[in-house]
Amino acid sequence: MIDKTLSYLDYLKLRDVILQFSSTPFCRDALGKLRPIDDIEEITRRHDRIEAVMDVIKWDGRVPFSDVPDITGVLARIAIRDSVLEPPEFLSLTDFLRVCEDVSGFLAKVFKRSAFTEELVAGIDRLPVLSRRIARSVNVEGYLEDSASYELSRIRADLFMNRERIKKQLERIMGREPMRPIIQDDYISLRNNRYVIPLKPNFNEAIQGIVHDYSHSLKTSFVEPVECVELNNSINILVNEEKEEEKKVLHELTGFARGFREALEGNVRCLAELDFFHAMALFCHEFRCVRPEVTPSGGLEVRKAVNPFIAMSRKKDAVPIDIAMKESEKVMIISGPNAGGKTAALKTIGLLSLMAKTGLFIPAAERPVIPLFSNVFALIGDEQDISLELSSFTAHMYAIKDLYLNARGDELVLIDEIGGNTEPQEASALAMGVIDAFVEKGCRVVVTTHLNLIKAYGYMKDYAMNVATSFDTTNMKPLYQLIYGTAGYSNAINVARKIDVPAVIIEKSYTYLNEQEFMLNDLITSLQEEKAKTVRERRELVKIKEEARDRLKVIREKKDEYLRKWEDKARERLLELEIEVDEIKKEVAKKERTSITRSKDKIRSLKQRLGGPAKEVREDIRIGDYVLVKTLGSRGYVVDIDKEGSVFEVAVGNVRTKLKRMFIEKTVEGPKRVSRDRSEIHVEKTEQRDLKIIGMRVEEALKTVDTFLDRAIVEGTSQVRIVHGVGTGRLMQAVRDRLAETPYVRTFHTDEQNAGVTIVEFA
């Protein structure tokens, strides 16, 4: 059944077409045996290699295969021990190696390299040593060169000299005066490998010599003069020596070539594989084929598919068709008028499925999707066999039986004119039973039909669909296109009416259409109208969706444009802030030297606000003494002194801090609590205070922070919170840089509950 399917779907003809694109004798056998395969990995491998070669052809042209000799016979002879090749066979090897060099050099320079081309370049051995050895021994005319061996060169030199000597000797004999009348022709001849002179008949006795031959007319005798016998003998001896030396040379050269047999066989395999995919690539290029996506299962979708043979027959007039079959759709019913393209569509579906299953590209558009059917079975044409006394219907059913028995599931079954050879109602019932049986086995079924009941079946079954071949009723011509979701009409009576068949015939024809047929036609018509309405609504919905999608696209584009503008402005602002921060840092650096003076001024001011200057005491400071902390302007008392007496632990309110001697002054007065007078500052200990600087510029915020920290340390606050927000992070970083420079800040950290807040703890 498989072979019949290949024949029905023109697969065998396809192989012959691809074979015409081959260039070497090595791959023709492989192309001639080309068949569909079941290994999806091998299919992908073939697709990859075809694609690689198509890229080579696209960018660099065809691979330079030119006059590739078939050396398989030569390699077979080399494999035989003690066999000797003839000079023409060595010439074949030379020509083959030249092709190998051309192909290898071409592939090494291609624009788009691939794993396949790299593999070929690595696999082809140019064998320059063998090429040079053969070229030194065998000339282009197929003769051994004198340089093939020293002995051969010597023998041929001696032969040349002896032949020249005997020619001159014979010329002297022929030039003697007595010889002129009896010489038949003025030339030296060669008979029985001996140099002789032609004499007229009956004059053989005129000179001493040996007669070696006569002409056909017996008017000429060929005589070897006695004085030339010895020289002729020498020449014959040298000729035999030459032959023996040539045999020796050929034997040695064959042995030398035998050492390269595996490399030569490897080159043959590489060229054969390259030509195999090169032929496929040329075919794909010629028929504008694209790579299909072969899936283990799923739906079938091919856009603008063209049957190669329809393309060859109609050339530019070939009409592409769309093939679409979802995974849930198990049955496709193709109907329509005669000559409308039903069988052509059926064969196109089958052939393209076989091509994809073979690892070929297919003539279509975009990226076709074809499931890997385990088999493709086709039944097309009349199976009638007169010799077996089978009717068309019986033969048809025999074929369907064979198809069913061979089907294991997941096959593609193609049946042309199912149930078309018997009574319509019974044929319809039988055809629907056949379709159901194949579907239950797990097969995909595509059938062509004229029967209305089968068309109705396509509307009734969820897994089935109707496809109509389009027909121009005005011009009465098929359009060779497929219309999905509708059934086609046979249009037999309408066609008859269009060509002006007498009205009486048309009327009488209608009377023979039974009521059931009219009901079926009405049912199909109503179903098609409902389907058409649904299609129109779906198209309108799709149009609305597309319009909405376009509007959304415009909105997104405007949004992106706005964001780009905002980002540009933000970057400009950030750049300005960075410049401002740099200027502030420079200003701070310049003012570092005067910071101590400013601190002293601030301390004096705080002293005045807290009750005037303290009386300084020059005595040594001991534990319990009251001191003035210069950096803070606050009073405290000493609670501890280190062993060296250089570091003092001072309590200022509830805060303890360690200070060096230079930062404290002894005073006789302890810390004062200022009254709540309007003119005075009330110093009150608090545990926590907040400062909000969100929205401030960096310079303004830093001044505010400085003032805030000073007041907090004076008031004896142990911890404060600075609310700066997150934003770009510039303000937060500036605040934290200032906190790091402040001596009386013990530590600071981010609030765990709010990243826009920094908590400050004093020393």
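The values are calculated or read from the model by the stated rules, or taken from the named source; none is laboratory data. Just so you know, these numbers come straight off a predicted model, no measurement behind them. No Cβ is skipped: glycine too gets one built from the backbone with ideal geometry, and neighbour counts run over all protein chains shown.
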Legend entry - Residue within the range 184-198 that is outside any strand (DSSP E or B), on the phi > 0 side of the Ramachandran plot and either free of Cβ contacts under 8 Å to residues at least 60 places away in the same chain or of a type in the set (Lys, Arg) (or both) present: yes
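Residues are listed down the side, and each one gets a yes or a no for (1) in contact with a helix residue (DSSP H, G or I) (Cβ under 6 Å, 6 or more places away or on another chain); (2) assigned to a helix (DSSP H, G or I):
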{"residue": "GLU118", "(1), (2)": "no, yes"}
{"residue": "ARG126", "(1), (2)": "yes, no"}
{"residue": "VAL129", "(1), (2)": "no, yes"}
{"residue": "ARG136", "(1), (2)": "yes, yes"}
{"residue": "VAL140", "(1), (2)": "no, no"}
{"residue": "SER147", "(1), (2)": "yes, yes"}
{"residue": "LEU152", "(1), (2)": "yes, yes"}
{"residue": "ILE155", "(1), (2)": "yes, yes"}
{"residue": "ASN162", "(1), (2)": "yes, yes"}
Legend entry - Residues of the range 721-738 satisfying the condition of being free of Cβ contacts under 8 Å to residues at least 24 places away in the same chain and closer than 18 Å to ASP706 by Cα: GLN733, ARG736, ASP737
Legend entry - Positions within the range 316-355 being of a type in the set (A, V, I, L, M, F, W, C), out of contact with any helix residue (DSSP H, G or I) (no Cβ under 6 Å at 6 or more places or on another chain) and over 27 Å from ILE43 (Cβ atoms), in sequence order: VAL319, ALA339
Legend entry - Which numbered condition ARG194 fails, given (1) closer than 30 Å to GLU145 by Cβ; (2) surrounded by fewer than 13 Cβ atoms within 10 Å (Cβ to Cβ); (3) touching a strand residue (DSSP E or B) at 6+ places or on another chain (Cβ under 6 Å): (2)
Legend entry - Options VAL760, VAL723; residue that is under 30 Å from LEU659 (Cα atoms), surrounded by fewer than 18 Cβ atoms within 10 Å (Cβ to Cβ), in contact with a strand residue (DSSP E or B) (Cβ under 8 Å, 6 or more places away or on another chain) and at pLDDT 90 or above: VAL723
Legend entry - Residues that are charged (D, E, K, R) and under 20 Å from GLY727 (Cα atoms), drawn from the range 538-573: ARG564, LYS565, GLU567, ASP568, LYS569, ARG571, GLU572, ARG573
Inset, instruction - Would you check if there is a residue in the range 278-285 being in contact with a Cys (Cβ under 6 Å, 6 or more places away or on another chain) and assigned by TED's automatic domain parsing to the domain that holds PRO25? - result: no
Inset, instruction - Could you look through the range 258-288, keep only residues that are acidic (Asp, Glu), surrounded by fewer than 20 Cβ atoms within 10 Å (Cβ to Cβ) and under 27 Å from the mean Cα position of the chain (by Cα), and pick out the one that is modelled with the highest pLDDT? - result: GLU273
